[in-house]
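This report concerns only the one structure given below.
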Amino acid sequence: MPEPASTRKRYTGEAVDVSFDPVRCRHAAECLRGLPAVFDRDRRPWILPDGGDAEDVVRVVSRCPTGALRTHPRASAAQEQPTAPTEVTVLPGGPVLLRGDLHVSGPSGLDEHETRAALCSCGATANAPYCDGSGTCAEWPHPRGAASH
């Protein structure tokens, strides 16, 4: 079976690289709030891994609930450690959030090692098994009526 085409883009830094998959992003904005000097949607490139300390970059990227962001440490830089034991959070009207040492497989030959993932809970996603917001969780993580950040 052919390997699925990747939509992930890598941003290179001296101590740590950061990659981003826009198809997996649900705009929780943990990155923007956590390190605005590294993550700025109004700048091109929008990710500058050297805009912060490598350990801080790894810490903030690990807050991304979907796994759209990943770090790729160079040499002896800090590295994200999987949550142990694995955490599973089911959000009413939202995806199933997983954190841990994950092996995710799915249609079209998907076979990935992950530390974080937001899996579709309704089956309406076009990015199976990952949630893309096209089904019952269309308003997650920012439901209507919620305060703006």
(request) Using the structure shown, decide if ARG24 is touching a residue at least 40 places away in the same chain (Cβ under 8 Å), of a type in the set (Lys, Arg) and under 20 Å from GLU114 (Cβ atoms). (result) yes
(request) Would you point out which residue out of ALA68, ALA29, ALA54 is surrounded by fewer than 17 Cβ atoms within 10 Å (Cβ to Cβ) and either touching a residue at least 12 places away in the same chain (Cβ under 8 Å) or touching a Cys at 6+ places or on another chain (Cβ under 7 Å) (or both)? (result) ALA29
(request) Could you tell me which residue of segment 1-26 is modelled with the lowest pLDDT, considering only residues that are of a type in the set (Val, Ile, Thr) and open to solvent by less than 50 Å² (accessible area, probe 1.4 Å)? (result) VAL16
(message) Here is a check on your reading of the model: is CYS122 assigned to a loop (DSSP other than H, G, I, E, B) and open to solvent by less than 20 Å² (accessible area, probe 1.4 Å)?
(response) no
(request) Report, by residue number, each residue of segment 89-114 that is open to solvent by 70 Å² or more (accessible area, probe 1.4 Å) and closer than 20 Å to HIS142 by Cα. (result) VAL90, PRO92
(request) Taking the residues in segment 32-51 that are open to solvent by less than 20 Å² (accessible area, probe 1.4 Å) and more than 15 Å from the chain's Cα centre (by Cα) as candidates, determine which candidate is nearest to SER19 (Cα to Cα). (result) PRO49
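The values are calculated or read from the model by the stated rules, or taken from the named source; none is laboratory data. Fair warning: this is a prediction, and the values are worked out from it, not measured in the lab. Ideal geometry is used to build each Cβ from the backbone, glycine not excepted, and the neighbour counts take in all protein chains shown. The protein model used for the area step is the full one, side chains on, heavy atoms only, and it has no ligands, DNA or RNA in it. Shrake-Rupley method; radii C 1.70, N 1.55, O 1.52, S 1.80 Å.
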